[in-house]
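The block underneath contains the structure these notes are about, expressed in structure tokens.
The values are calculated or read from the model by the stated rules, or taken from the named source; none is laboratory data. All figures in this text were calculated on a predicted structure; none of them were measured in a lab. Quick reminder, even Gly has a Cβ in these numbers, built from the backbone with ideal geometry, and neighbours come from all protein chains shown. We work out accessible area using only protein heavy atoms, side chains counted, and drop any ligands, DNA or RNA first. Shrake-Rupley method; radii C 1.70, N 1.55, O 1.52, S 1.80 Å.
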Amino acid sequence: MPIARSRTLGLATVTVLALSALAACGTSSDSADTESGGRVRLDVNGQPPKTQAFERKLFDKHVRQFEKANPDIDIVPHEGFMDPKTFNAKLAGGKLEDVFYVYFTDTRALIDKRQAADITDAVRDMPHREDVQDQLMKVFQDDEGRQFGLPTANYSMGLVYNRKLFEKAGLDPDQPPKTWADVRKAAEKIAALGDNTVGYADFSKNNQGGWHYTAELYSRGGRVAEEDGGTWKAAFNTAEGRATLQDLHDMRFKDDSMGSKQLLQAEDVQRMMGSGRLGMYLSAADNISVIAKQFGGEYEDYGLAPVPDAKSTLLGGEGYMINPKASPEQVKAGVKWLQWKFLNPSLIEQNVADHVKDELPVGLPMPPTPDIWKGSVREQVEQIKKKNANVPTDNYESFMQAAPNVPGVIEPPKAQEVYAVLDSVMQAVLTQKDADIDRLLDDAEKKVDAIYSAS
């Protein structure tokens with residue numbers, strides 16, 4: 001569930017911060033790539049809709065500032081993002097923008113099909129190229145290390161927890177669980193508070209159960225799928241895969257720490273957290289703002305810790321690629337635009353000030369200070385964030401400290417189809433006291449292998 005279409009941010013199937021793929025309003029291919037006077041015309045998508053007033057205003061402001069600094073480039077913005085259902089038709093029909101938004105999960109297929117321009121030479125001397133996290137840059141590279149796009153934001157999963165409930169249960173909110181064993185113990189103590197309090201909650205429908213199973217399996221070092229000789233196959237029928245399900249089953253039926261209400265999705269769990277009746281669940285940082293804005297929570301009540309065990313974490317995100325039909329001038333201009341708008345540490349302080357002025361959250365590990373940097377630039381960004389924070393950054397410190405050392409792994413190929421299969425596994429484990437985990441995994445493995453063999 002990538003960041004913009006499903007993470008309760010709304011990162012596709014997940015409710016939250018989801019950005020809709022709106023129809024583009026025009027195309028660069030309808031006109032020449034240069035205008036009179038030698039200006040390079042660059043059609044870009046990703047412009048927020050008018051209903052998102054602040055985001056639209058900020059985007060348009062950046063266009064004006066960039067054009068003033070680069071008078072030889074004419075940015076023509078288009079609403080919307082990438083719709084995989086219409087992408088091929090737009091590309092074939094010459095209707096695809098020169099610079100287009102893409103989810104991490106789609107980059108590999110676009111690269112393999114050469115549906116994005118090779119920008120390796122254009123980014124060679126790009127400012128701050130070496131300051132972006134290597135694992136994010138690699139999402140846009142082929143097997144030979146050629147670059148076909150740039151990351152602009154990412155999310156990784158962590159453990160969101162209710163600090164108030166931790167205190168009530170006699171737990172230290174400044175020492176959140178570090179392992180799944182710790183989570184189980186803490187969940188049992190929190191559930192013992194009574195009054196319909198749930199220690200740990202999980203998703204199990206609308207493909208979100210499979211998504212969360214993936215995140216929990218990754219945290220233990222397991223994988224949902226692996227490539228073998230150029231083809232993919234299921235990889236979750238392992239000791240790690242069984243342990244993930246067994247712990248959930250034991251918390252649900254032995255410890256009674258997950259509550260009796262199941263078949264939950266993101267909105268259900270966020271509502272539980274906002275009501276003060278939930279101790280913990282896995283999510284990205286953006287969930288905290290959703291809980292506060294939509295479900296009555298208070299920022300100071302929530303903490304964010306690394307995923308338990310932290311052997312790896314589910315990584316999602318977004319970036320931009322360039323139309324393979326773009327001219328060399330457009331490729332160069334496109335890289336310049338992307339670096340200036342999204343990979344530009346000098347723009348961060350201005351963005352933060354704009355967010356503070358509009359009373360939007362600053363201090364979470366998400367835009368306007370996305371955690372895409374490394375080294376000294378990351379330290380500078382963190383200082384800017386803490387200086388201007390209007391949410392309690394100390395509550396997320398353990399997550400931020402661990403983030404550079406937890407390997408990120410993107411979603412498996414054909415993620416939504418795979419998640420649909422794994423949803424039924426999660427549902428059985430959380431609703432059936434006599435669930436046969438080995439049989440569930442065997443059956444799911446056959447179904448996922450069939451999905452991959454059919455592609």
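If you stretched the chain out fully between ASP195 and GLN52, how much longer would it get, using 0.36 nm times the residue separation minus the C-alpha to C-alpha distance?
Separation in residues times 0.36 nm, less the Cα-Cα distance, equals 47.6 nm.
Carbon-plus-sulfur fraction of the accessible area of the chain, 1.4 Å probe, in percent?
So the carbon and sulfur contribution to the accessible surface is 47 percent.
Which label belongs to the value computed from this structure, given these candidates for Cα extents along the principal axes in Å: (i) 69, 48, 47; (ii) 73, 51, 37; (iii) 68, 66, 40?
It is the one labelled (ii).
Report the paramagnetic label zone for SER346: residues of the range 46-89 whose backbone N is under 18 Å from a point 7 Å from Cα along the Cα-to-Cβ axis.
Once the point is set 7 Å along Cα→Cβ of SER346, 62-73 turn out to lie under 18 Å by backbone N, inside the range 46-89.
Just to confirm, what accessible area per residue do you get for the range 250-368 at 1.4 Å probe, in whole Å²?
Here the per-residue accessible area is 35 Å².
Arrange the peptides 157-164, 112-119 so that the one whose residues have, on average, the most other Cβ atoms within 10 Å appears first.
Most protected by this proxy first, the peptides run 157-164, 112-119.
Could you work out how much longer the chain between GLN401 and ARG114 gets when fully extended? Use 0.36 nm per residue separation minus the Cα distance between them, nm to one decimal.
Full extension of this stretch gives 99.6 nm more.
Tell me which GluC sites (Glu not before Pro) from the range 308-365 have a DSSP coil assignment and no more than 12 other beta carbons within 10 Å of their own.
Answer by residue number: GLU359.
Could you list the residues of the range 270-294 with an amide nitrogen less than 16 Å from a label point located 7 Å from the Cα of LYS261 in the Cα-to-C-beta direction?
Counting only backbone N, you get 270-281.
Would you mind computing, in nm to one decimal, how far apart the modelled labels at LYS325 and HIS128 are, each placed 7 Å from Cα along Cα→Cβ?
Taking the simple label geometry, LYS325 and HIS128 are separated by 3.2 nm.
Between the DSSP loop rule and a limit of at most 13 other Cβ atoms within 10 Å, which trypsin sites (Lys or Arg not before Pro) in the range 196-284 are left?
Passing sites in the range 196-284 are LYS254, LYS261.
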